[in-house]
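Trainee: This structure is in structure tokens; I'll ask about it shortly.
The values are calculated or read from the model by the stated rules, or taken from the named source; none is laboratory data. Because the structure is predicted, anything quoted here is derived from the model rather than measured. We place every Cβ from the backbone using ideal geometry, glycine too, and count neighbours over all the protein chains shown.
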Amino acid sequence: MNTVHHGSFVARCGIPQCRISQCRISQCRISRCRILTAIMALMIAIHLAVPVVSANESAQGVEKTAEKVEDRPADTDADSGKAEPKAKNGVRKDATVAELSVAPLDQFEYPDDRPKWLHEPPQLDGDVHHWVVVSSPAETRDESVEELGRLQRAALMRYVEGQTENQSANEIFAVTDQWIEDNLITDRYVGEVKQGDTLLYEDAVKLTFDKGVQSEIAYASKRIQVRDRLAATGVLVAGGLCCLMIGSLATGFLGRRVASSVK
């Protein structure tokens, strides 16, 4: 019934039947093109979205791998299973320890029986004073003893200067090694020192300044002070006498000139 009405409508409008068929074919083609266009757009969107997802997954995988590497403990030895210390500046820690375990060639090795009083500083408090003198390690015993003599004389001079008004020990009394040996030395040490494969020698003494020595130094110092004062007084007296004699001569000369002019 629809066909009849449609045919009658077409017949009434005067539209040819072939023209109608062509319109229908064009509409079908347009519909197919729209469908294909939509399918192609969907495929392009899927194609573009896949690399982005892959890139994101790759980035996440790299981050996870980096976290695993950071959290991984130090490399272990294949045999012992213990962690090896990390290298610093290209040198392993255990290698550095092994190198430092060997004593340097310029380091001194002292014997175990070396007295502890060799490390004592000068003790200048109390009734008895002590001053330890130690020579430097020398190649021969004679060199060590010679240096010890110089050092103990220098220590005595510094002690006297500290106990007096900066007076030298040589001014107070004659300083000799024998006097130091008889009056000051109470302890002595003679030892050997190793420096690598070289055998060296050292000597040490402890100078003790008891009340007797301190009194002797103080008495000698006062005697020097009195001598200096007497010398200064003698110079002043001699200068005064000279001035008095010169003044007397000048006065007599002027008196004679005045008397001769009056006559």
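Trainee: Can you confirm whether Leu148 is under 17 Å from Leu200 (Cα atoms), at pLDDT 95 or above and either not small (Gly, Ala, Ser) or not in a helix (DSSP H, G or I) (or both)?
Mentor: When the stated conditions are applied, Leu148 passes them.
Trainee: Just the residues that are in contact with a Leu (Cβ under 7 Å, 6 or more places away or on another chain) and either in a loop (DSSP other than H, G, I, E, B) or under 19 Å from Glu161 (Cα atoms) (or both), please, taken from the stretch 190-208.
Mentor: If the condition is that a residue be in contact with a Leu (Cβ under 7 Å, 6 or more places away or on another chain) and either in a loop (DSSP other than H, G, I, E, B) or under 19 Å from Glu161 (Cα atoms) (or both), then Gly196, Leu207, Thr208 are the ones that fit.
Trainee: Quick one: count up the residues across the stretch 170-195 that are of a type in the set (S, T, N, Q), surrounded by 15 or more Cβ atoms within 10 Å (Cβ to Cβ) and either closer than 14 Å to Ala154 by Cα or at pLDDT 95 or above (or both).
Mentor: So the answer is 0.
Trainee: Condition first: of a type in the set (Lys, Arg) and within 30 Å of Glu143 (Cα to Cα). Now tell me which residues in the stretch 180-228 satisfy that.
Mentor: Residues satisfying the conditions are Arg188, Lys194, Lys206.
Trainee: Right, next: Any idea which of (1) touching a helix residue (DSSP H, G or I) at 6+ places or on another chain (Cβ under 7 Å); (2) within 16 Å of Thr164 (Cα to Cα); (3) among the charged types (D, E, K, R) is the one Asp187 doesn't satisfy?
Mentor: It is condition (2) that Asp187 fails.
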